[in-house]
1. Within the group B:Glu77, B:Glu70, which residue is among the charged types (D, E, K, R) and within 9 Å of chain A (Cβ to nearest Cβ)?
2. If only one of A:Gly158, A:Gly188 is touching a Pro at 6+ places or on another chain (Cβ under 6 Å) and modelled with pLDDT of 95 or more, which one is it?
3. Which condition does A:Glu108 not pass, out of (1) under 18 Å from the mean Cα position of the chain (by Cα); (2) among the acidic types (Asp, Glu); (3) surrounded by fewer than 23 Cβ atoms within 10 Å (Cβ to Cβ), if it passes all the others?
4. Regarding region A:1-13, can at least one residue be identified that is buried (at least 24 other Cβ atoms within 10 Å of the Cβ), hydroxyl-bearing (Ser, Thr, Tyr), under 13 Å from A:Pro222 (Cβ atoms) and within 14 Å of chain B (Cβ to nearest Cβ)?
5. Based on what the data block shows, is A:Arg286 buried (at least 22 other Cβ atoms within 10 Å of the Cβ) and either away from the ligand (no atom under 13 Å from the Cβ) or part of a loop (DSSP other than H, G, I, E, B) (or both)?
6. Out of the residues in region A:320-332 meeting the condition of being away from chain B (no Cβ under 14 Å), within 9 Å of the ligand (Cβ to nearest atom) and touching a residue at least 12 places away in the same chain (Cβ under 8 Å), tell me which one is surrounded by the fewest Cβ atoms within 10 Å (Cβ to Cβ).
7. Checking A:Pro60 against (1) farther than 19 Å from A:Ile305 by Cα; (2) modelled with pLDDT of 95 or more: exactly one of these is not met. Which one?
8. Report yes if some residue within region B:49-57 is more than 23 Å from A:Pro63 (Cα to Cα) and either touching a residue at least 60 places away in the same chain (Cβ under 8 Å) or facing chain A (nearest Cβ under 9 Å) (or both); otherwise report no.
Amino acid sequence: MKYIDEFNDPDLARRLLDEIHAIVTRPWALMEVCGGQTHSIIRHGIDQLLPDKVELIHGPGCPVCVTPLDVIDQALEIAARPGVIFCSFGDMLRVPGTDRDLFRVKGEGGDVRVVYSPLDALDLARKNPDRQVVFFAIGFETTAPANAMAVHQARRLGLDNFSLLVSHVRVPPAIEAIMTAPECRVQGFLAAGHVCSVMGTAEYPELADKHRVPIVVTGFEPLDILEGIRLAVHQLERGEHRVENAYPRAVREQGNPAALRMLEEVFEVNDRNWRGIGRIPASGWRLSDAYRAYDAEHRFDVAGIRTEEPAECRAGEVLQGLIKPTECEAFGTSCTPRTPLGATMVSSEGACAAYYLYRRMNNAPAAQGPRVPQSQQEEMNPVG
Amino acid sequence: MCLAVPGKVVSIDHRADPLTGMIDFGGVHKQACLEYLPDVRVGEYVIVHVGFALQRLDEASARASLELFEQLGLLEEEFGDAWEQAARQESGSEAR
Ligand code: SF4
């Protein structure tokens, strides 16, 4: 079995899988919220090693994918301005705006820089006092403390040429939105481990209770995911709905107190649009009053942006777990990582990209393939 | 980008503001902000996300994770040249 051999502990993987196969008696649908977990699942074929009764639904947890199109277009417009150094994480370079991406803006002469950390952007502001340095502050709770520290330092140092274009999103309101959607099929959640490294687990018991769903905090590696699935299925089979921590080596119940204090100081909760999904109440953070002067949206007048999504892109449905990427007609034909129509085909955490990269590779003749029926293989075999 | 990579704290610059340390990610050395784990010590393992140490980790699981990340090419993805990666993607020669 190709996949199991690739796990860092094949014996343990086999034992976890055997146990999941042994305890499951009814069909269950679990959602992994985080895109990093989606990639791990598809890369290692975990969905295909599970009993047929356990379905994994891929969630909206890819910050790159859910950054709204109008914010991407704002970023592109600011990045193209003379006198601006626009800094971003590398994942954003190829995310399609209405008619271009950051990669293109750079090609056209915009000063776009990729930074590893928001503090690198702050450094650029210090070294270029005559330029406006803008950092594209996207991400979930995992990334927010880093971005908060950057703007906190900027204010302390009086670096007035630094600002953030903020598009932060929070996981618990997304879980709430998914559970209250009329078409919801999700019966249990794998919660994102590194989000909880920062936030702890305090926000989840209320959700588990209210919607009667198990929520299992899970890591990203294949074994972590299998363990998370095992615990979730175990709870479901017994009719339980608790918060469980399957990733204790990196998640403490109280989270990271120093990071939480910084978040509290720099950000305030606001309603946010998620690309392809729509407005989710209280699902984001924006800069608090004390930091408003460092908000690029206020500093740069970027009015009059008209956005347009390609009509054939179904990323919204993919992000809500309503369809699998392969159900989109454009998948692998007009939409590939090279010519992405939606952000989910670009990001290293996007579900469309995961299906494209790994399912295609696994269908190569050399691979001792996973158990994919022939009909499905053809459908997944993209051109290009 | 949500990846958090385990690494070992090899030195701490107590005069740096914000508090900064050097982290060894299986041979790749990179600075990280330690402000969110202010009492971390040299020799401890931490998970680092976009240049910030977020939590401690025990050595055994840190090593196991690093090995896996290395094998899967995730370290290259995290620390490699994003422009090169984007250009490869654009030209269709992205191989993983
Ligand atoms: S395959 Fe492409 S077009 Fe279809 S939903 Fe995914 S990103 Fe959108």
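1. Values: B:Glu70 fails: within 9 Å of chain A (Cβ to nearest Cβ).
The unique qualifying residue is B:Glu77.
2. Within the list A:Gly158, A:Gly188, the selection yields A:Gly188.
3. The number of the failed condition is (1).
4. The answer is no, given that none of the residues of region A:1-13 is buried (at least 24 other Cβ atoms within 10 Å of the Cβ), hydroxyl-bearing (Ser, Thr, Tyr), under 13 Å from A:Pro222 (Cβ atoms) and within 14 Å of chain B (Cβ to nearest Cβ).
5. no
6. A:Glu329
7. It fails just one condition, (2).
8. Within region B:49-57, one or more residues are more than 23 Å from A:Pro63 (Cα to Cα) and either touching a residue at least 60 places away in the same chain (Cβ under 8 Å) or facing chain A (nearest Cβ under 9 Å) (or both).
The values are calculated or read from the model by the stated rules, or taken from the named source; none is laboratory data. Computed from a prediction, not measured in an experiment: that's the story for all the values here. Cβ coordinates were reconstructed from backbone atoms using ideal geometry, including for glycine residues, and neighbour counts include every protein chain displayed.
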